[in-house]
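Below: one structure, written as structure tokens.
The values are calculated or read from the model by the stated rules, or taken from the named source; none is laboratory data. These figures come from a predicted structure and were not determined experimentally. All Cβ positions, glycine included, derive from the backbone under ideal geometry; neighbour counts span all protein chains shown. Calculation scope for accessible area: heavy atoms of the full protein, side chains included, ligands and nucleic acids excluded. Shrake-Rupley method; radii C 1.70, N 1.55, O 1.52, S 1.80 Å.
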Amino acid sequence: RDAVSRLFVLAHMYDSGWRLRPIQADAIATFLATGRLFAPVGVGHGKTLIVFLCAEIQWRRAQQARQGAARVIWLFPSSVAHQHITLDLPWARARVGLSIPFIDLSKLEPGERTAIAAFQTGGCFAVPYGLLSHSRSSELLDAIRPSLVIADECQHLQNAHAARTKRLLRACRK
């Protein structure tokens with residue numbers, strides 16, 4: 001577990017004694033080993049930092065393999081968009097090494113979202129689940145072309161007949 005912390009925690013934070021929580025380190029070790037992760041982590045136990053680090057790992061792997069930039073889509077409930085982007089992300093950047101750009105698509109108009117996703121060479125596209133319910137979200141998913149899908153609070157995709165679930169599954173098959 002300490003080895004995983006050493007890989008990602010910024011040196012000054014590591015030297016001051018800050019480490020990933022055991023559940024976070026275990027989740028990241030699993031993602032490092034398999035490239036996949038199902039992490040039923042409780043509220044307040046560090047899921048969001050796991051999300052950020054999985055996106056970072058995907059980013060680093062794409063760069064190391066010279067495959068271009070990784071294109072990660074991070075789905076989360078609309079109710080936490082502000083918290084994730086304005087509070088959690090800066091907090092995480094102060095503690096762990098995150099070089100992947102995070103692109104917040106939550107407050108943009110549909111055409112703007114699609115244009116930015118198509119233009120951006122890579123990064124982690126922050127997309128609230130509510131955006132997938134709109135008819136133009138298929139265009140957005142096509143523009144993102146995700147190499148990794150991170151579904152935070154994945155119960156929002158539990159209905160296989162829901163439009164957002166169908167759109168996401170269609171995009172993943174491409």
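Which residue pairs have Cβ atoms closer than 7 Å, lie 6 or more positions apart in sequence or on different chains, and pair a first residue in the stretch 1-14 that is touching a residue at least 40 places away in the same chain (Cβ under 8 Å) with a second residue that is part of a helix (DSSP H, G or I)?
Pairs that qualify, where the first residue is touching a residue at least 40 places away in the same chain (Cβ under 8 Å) and the partner is part of a helix (DSSP H, G or I), are Phe8/Leu53.
Taking only the stretch 158-174 into account, find how many residues are at pLDDT 90 or above and crowded, with 16+ Cβ neighbours inside 10 Å.
The number of residues fulfilling the criteria is 4.
Within the stretch 1-18, how many residues are surrounded by fewer than 16 Cβ atoms within 10 Å (Cβ to Cβ) and either of a type outside the set (A, V, I, L, M, F, W, C) or outside any helix (DSSP H, G or I) (or both)?
9
Among the residues in the stretch 109-123, are any of a type in the set (D, E, K, R), modelled with pLDDT of 95 or more and not in a helix (DSSP H, G or I)?
As a first pass, look at the stretch 109-123 and keep what is of a type in the set (D, E, K, R): 109, 112-113.
Now restrict to residues that are modelled with pLDDT of 95 or more: none.
No, there is no match, as no residue in the stretch 109-123 is of a type in the set (D, E, K, R), modelled with pLDDT of 95 or more and not in a helix (DSSP H, G or I).
I'm trying to understand the selection: among the residues of the stretch 65-84, which are open to solvent by 30 Å² or more (accessible area, probe 1.4 Å) and outside any helix (DSSP H, G or I)? Don't jump to the end; show me each part of the working.
Here is the first cut: in the stretch 65-84, the ones open to solvent by 30 Å² or more (accessible area, probe 1.4 Å) are 65-69, 78-80, 82-83.
Correct list: Ala65, Arg66, Gln67, Gly68, Ala69.
Among Ala39, Ala27, Ala55, Ala62, which is of a type in the set (Gly, Ala, Ser), surrounded by 14 or more Cβ atoms within 10 Å (Cβ to Cβ) and in contact with a strand residue (DSSP E or B) (Cβ under 6 Å, 6 or more places away or on another chain)?
On the way: Ala39 fails: in contact with a strand residue (DSSP E or B) (Cβ under 6 Å, 6 or more places away or on another chain); Ala27 fails: in contact with a strand residue (DSSP E or B) (Cβ under 6 Å, 6 or more places away or on another chain); Ala62 fails: in contact with a strand residue (DSSP E or B) (Cβ under 6 Å, 6 or more places away or on another chain).
The match here is Ala55.
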